[in-house]
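Please treat every number below as a calculation from the coordinates, not as lab data. Note that the structure is predicted; figures quoted are calculated from it, not measured. Every residue, glycine among them, receives a Cβ derived from its backbone with ideal geometry; neighbour counts consider all protein chains shown.
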Amino acid sequence: MNFSFSGLLWSVFRKILPGMGNPTLQNLASRYEDELASKKFTYTFQEKGHKPFTAVVDFDRSAFCHLMSIGSIVKDVTPDVDEFCGMKGWDNIQDGRITFKMLRQLNASQFEYYFNEWQMIDQMIETINNPSAVLFDPAKVPGSRLKSDILLYGIYGNRTVHVGISKDDDGTWFARSYFVRENASDRAYPTKYIASMKPLKVRVKASSKKA
C-alpha cells in the first residue's frame, strides 16, 4: 500500500480546521482579517510593584504571512521569498496565487509542521482577546531566537499558544510572533518561554478600526 502520512494529515486538516468545511488559505486569511486585522487591541499591563503601561497593537494584514510562517515554509525552496511575505504575500493569497496546495507541494514537511498552528486559529484569536501575559527575557531561554518584549499566552489542554508583541523604535507596538508548543511536565510548565518570566496582569480592550 502506498501510504502518504502527509496526505492523511491533509485529509484530517480539511475536516477539523475551525470554521472551515472546505479550508483554503483565503479562508484562514479571512478569519484573521475579520477577527483581528479589523480591530485595534489596547492592552494595559502591570508588573507587580510597578506602574501599569499600555500597548496598542494592530494585527495588520501585512503581518499575516509572518505570523502564519508562510515565508518559513518556502524560504529554502524558492528564490523569491518576497512573494510570500508582507502585503505582497497577502495580496497573492487574496488572488489565489498562494494556496495550501502550493505550500504543501513546495515543502511538505514544513507544511505539516505548521499544521498544528493553523489548526489552532480559534485559540490564537481567543488568546489575543483574553490572554495571560509575561515580560519576555530572551536571556532566560538559551539558544532561542525569539525577540518579543511581551508574550501573550493561553493554555489549551497539553498545548500553549504564544503570541509575541514588541515595541518598535518609534514607540509603536506590533505583533511579532505566533507559535504553539507542547506543555512541559517539569518546572518549565507550561513552556520554557513562560515559566521563568515575570508575570504581568493584563486587561484588554478591543475596538473596531471603523469606529
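Highest first, please rank the peptides 73-82, 173-182 by the mean number of other Cβ atoms sitting within 10 Å of their residues.
Details: 73-82: 14.1, 173-182: 18.7.
Taking the mean over residues of other Cβ atoms within 10 Å, the ranking is 173-182, 73-82.
Considering helices alone, the calculated mean residue ellipticity of the chain at 222 nm is -8000 deg cm²/dmol, with DSSP H runs of length four and up weighted by -39500 (n - 2.57) and normalised per residue.
Could the peptides 111-123, 41-53 be put in order, highest first, of the mean number of other beta-carbon atoms found within 10 Å of their residues? The partial results should precede the final answer.
Working: 111-123: 18.0, 41-53: 13.3.
Ranked from most to least packed, the peptides come out as 111-123, 41-53.
Quick one: among 95, 169, 58, which has the greatest mean-square fluctuation in a GNM of the chain with alpha-carbon springs under 10 angstrom? Checking each option, the largest mean-square fluctuation is seen for 169.
Here the gap between residue 105 and residue 44, fully extended at 0.36 nm per residue and compared with their Cα-Cα distance, gives a gain of 17.7 nm.
So what is the relative contact order for the chain, in percent, with contacts set as C-alpha pairs under 8 Å and at least six apart? Please list the in-between numbers first.
On the way: 344 pairs, mean separation 48.8, N = 211.
Result for the chain is 23 percent.
Distance from the C-alpha centroid of segment 133-211 to that of segment 85-130: 20 Å, rounded to the whole angstrom.
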